[in-house]
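This report refers to the structure that appears directly beneath it.
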Amino acid sequence: MKEIKISGQKREAVGKKASKLIRKEGLVPCNLYGEAHKDGKPVAISFTVPMSELRKLVYTPHIYVVELAIDGESHTAVLKELQFHPVTDALLHVDFYEVNEQKPIVMGVPVKLTGLAQGVRDGGRMNMSIRKINVKAAYKQIPEQLDIDVTALQLGKSIKVGDLNFEGLELVTPKEVVVCSIKATRNSIATAAAAAEE
């Protein structure tokens, strides 16, 4: 996984009113959920980050390990949740989850299809059903993307999560979920009919 460095400042004032004022200053309220627990619930560190710093983390297809510097304190984290305004699409809030090298985490990893499928060569159309697969592993073992070779995929066939296996990763997305399939097109049906007649 790629690394990205982000700096923030702790915030004392929390709540809707305080968050509105923070956003007016071009800052985004954030929480970091870590190892610390109180009464069985995770304790969060509340802080703010300039929107300009978050842009490179939020608006990208890549996944990152985030080196957070909050008032000089260093934390290793991953992006947990983003909240956007329903109308303006402005980023309202970000949750981070603190990670360490031992503890496994669940993360959505982008899927990349490699090779030219036999079904596509036969005139079919590749249909990608999901963009990410959830995996469980220590964060250092999580790759930037999952490469799936589709060369042997035939017309009318599909690849499901249960068909896949990646060393060191546990796939959390349900096995029956279709990753990609090859749909027949008019052209491929006509070609198949012509071949059958021959």
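The values are calculated or read from the model by the stated rules, or taken from the named source; none is laboratory data. The structure displayed is predicted, hence computed values, not measured ones. Cβ: placed from backbone, ideal geometry, glycine included. Neighbour counts: every protein chain shown.
The number of residues in segment 122-146 that are in a loop (DSSP other than H, G, I, E, B), of a type in the set (D, E, K, R) and surrounded by 15 or more Cβ atoms within 10 Å (Cβ to Cβ) comes to 1.
Screening residue 159 on (1) assigned by TED's automatic domain parsing to the domain that holds residue 34; (2) out of contact with any Gly (no Cβ under 9 Å at 6 or more places or on another chain); (3) among the hydrophobic types (A, V, I, L, M, F, W, C) shows it passes everything except condition (1).
Every condition in (1) modelled with pLDDT of 90 or more; (2) in contact with a Lys or Arg (Cβ under 8 Å, 6 or more places away or on another chain); (3) within 21 Å of residue 7 (Cβ to Cβ) holds for residue 109 except the one numbered (3). Just one residue in the set 70, 6 is under 29 Å from residue 146 (Cβ atoms) and at pLDDT 90 or above; that residue is 6. If the condition is being over 15 Å from residue 113 (Cβ atoms) and either out of contact with any Asp or Glu (no Cβ under 9 Å at 6 or more places or on another chain) or of a type in the set (Val, Ile, Thr) (or both), then segment 145-168 contributes 156, 165, 167, 168. Take residue 171 and decide whether it is touching a helix residue (DSSP H, G or I) at 6+ places or on another chain (Cβ under 6 Å), crowded, with 16+ Cβ neighbours inside 10 Å and at pLDDT 95 or above. Taking the combined requirement at face value, the residue satisfies it. Give the residue that is nearest to the chain's Cα centre (by Cα), with candidates limited to residues of segment 106-121 that are surrounded by fewer than 18 Cβ atoms within 10 Å (Cβ to Cβ) and over 17 Å from residue 149 (Cβ atoms). Top of the filtered list is 108.
Enumerate the strands (runs of 3 or more DSSP E) found wholly within segment 1-95, keeping only those where 2 or more residues are β-branched (Val, Ile, Thr), more than 26 Å from residue 130 (Cβ to Cβ) and not assigned by TED's automatic domain parsing to the domain that holds residue 146.
Fully inside segment 1-95 and qualifying: 41-50.
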